[in-house]
Amino acid sequence: MQRNSAACVNGHKVYKVYKYFLSIPMSCLSTKCRPICLRRSPSQQSPLRVFYVYFMCIFSLKHVVDFYRQRSSPVYICFLDASKAFDRINHWTMFAKLIKRNIHIMIVRILLFWYRNQLFCIRWGNCHSNYFNATNGVRQGGVLSPALFNCYMDDLSNALLQSKLGCNINGLYVNHLMYADDTCLIAPSPTALQSLLNICSEFAVNNQIIYNETKTKCMCVKPKCLRYIEVPDVYLNHICLPFVDTYKYLGAILNEDMSDNVDKRHVRALYCRGNVLSKKFHMCSRAVKNLFFATYCSSSYGSSLWTDFSRASYSKAIVAYNDIYRQLFGIRRGESMTAIYRDNELKSFNDIVRSSVESFRQRITMSFNCILYTITRSVFFINNSMFNFHWSNIL
């Protein structure tokens, strides 16, 4: 890779070839490193951040809240925001943690060579800066980056678990959930939540992680018998954290009452996609239209986690789904949409929700994750959980 003016002008092209060339050995190293990076001793609980499906994280959070609310206990939640967490990973600290996890020294040396000799430049239009080295950060979107980030943050998970604070499900402490750089702290009291925040703050100082106090939000989910209790202040780095009524966590909208009324944005997004299809592909054949409709309009984000919603909000989503198909094919109102979907081998909105629920139910029941294993085999989940009750009714 030359570093003259010609290489600088076309630097983005060389960088792409270099990136794709490294994807092959990175994939090979990922198969070797990932199981070791995610391995934990039998006495330690497996955190949710090892999952590749964020719905499992949201499911666990909602189940813990439901478990405590049915026992007339409030739940205090803190959504921590780490500023550019992937970019702040210190390479030398990361390599030391890999060696501590008994990663083969040759693999560590390969990673050391790659990260030590990688070069960066800043592009502004057609201008490029001089190349420089970086001693921190793992590339987002890289094959091996999630495993390296999990290994880097594992000491925080151990510290939170060893504190034995926060929510407890059948003897299992579920005081934090992690999915990539999104961390959620869960506690049944503000005192316990403050102790968990102090642990996170201490870890951040020792590992060059910076938590953004402005974007970090808290939420208190209260049972009906305690809906008028006052919520005390909690602090992160001596800064008072705000409590909010609504928060977007991993793409899902969480309310303080944990209701699942179909969000207006979901209905608006359906109409938006439908208008685009009707405008750009109205001259296509019927088979092409059906293919586009099934591809762009047959996804209901998070529908497997809907349990507490009004019939009116659910009906709006069904009407939006049917109106899009009517507009795309010029179908008059009054005709049976169920028969039309069947004749065109498409799923109705209810069928999409059922398929999503069944797929998600099989995933969590077959999972060997410590938290999911405990939840799905508990007496509360079988007899009293809002998830199991709703799923049994629609399947």
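The values are calculated or read from the model by the stated rules, or taken from the named source; none is laboratory data. Every value quoted in this text rests on a predicted model; they were computed, and no experiment measured them. Here Cβ is always computed from backbone atoms with ideal geometry, including for glycine, and neighbour counts include all displayed protein chains. The area values use the complete protein model at the heavy-atom level, side chains included, leaving out ligands, DNA and RNA. Shrake-Rupley method; radii C 1.70, N 1.55, O 1.52, S 1.80 Å.
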Given a Förster distance of 41 angstrom, what is the FRET efficiency for Ile99 paired with Lys280, based on the Cβ-Cβ distance and rounded to 0.05? 0.15
Write down the percent of antiparallel bridges among all DSSP beta bridges whose residues are both part of the chain, to the nearest 5. 95
Over the chain, with neighbouring protein chains present, the accessible area per residue in Å² at probe 1.4 Å is 53
Once every DSSP H run of n ≥ 4 in the chain is given -39500 (n - 2.57) and the sum is divided by its residues, what mean residue ellipticity at 222 nm do you get, rounded to the nearest 500 deg cm²/dmol? -16000 deg cm²/dmol
Kindly provide the trypsin sites (Lys or Arg not before Pro) of the range 212-311 that DSSP labels as loop, not H, G, I, E or B, and whose Cβ sees at most 13 other Cβ atoms within 10 Å. Lys215, Arg227
How about the range 175-231: which GluC sites (Glu not before Pro) there are in a DSSP loop, with at most 14 other Cβ atoms within 10 Å of their Cβ? Glu230
Which of Cys127, Cys151, Cys225 ends up with the largest GNM mean-square fluctuation for the chain, with Cα atoms connected below 10 Å? Cys127
With springs connecting C-alpha atoms under 10 Å apart, model the chain as a Gaussian network and identify which of Leu277, Leu197, Leu291 has the largest mean-square fluctuation. Leu291
Pairs of Cα atoms under 8 Å, at least six residues apart: use those to get the relative contact order of the chain, whole percent. 19
Find how much the distance from Asn212 to Tyr301 grows on full extension, using 0.36 nm per residue of separation minus their present alpha carbon separation; answer in nm with one decimal. 29.2 nm
Exposed-loop cut sites defined as chymotrypsin sites (Phe, Trp or Tyr not before Pro) in DSSP loop states with at most 11 other Cβ within 10 angstrom; longest site-free run of the chain spans 53-227
Of the listed links Lys97/Lys215; Lys97/Lys164; Lys84/Lys164; Lys222/Lys248; Lys316/Lys347, those spanning more than 22 angstrom between alpha carbons are Lys97/Lys215; Lys97/Lys164; Lys84/Lys164
Using a 1.4 Å probe over the heavy atoms of the protein chains, calculate the carbon and sulfur portion of the accessible area of the range 348-390 as a whole percent. 56
Given the options Asn130, Asn207, Asn275, state which has the largest fluctuation in a GNM of the chain using a 10 Å cut-off (strictly under) for Cα springs. Asn130
Can you compute the modelled spin-label distance between Arg123 and Lys84, with each label point 7 Å from Cα toward Cβ, in nm? 1.9
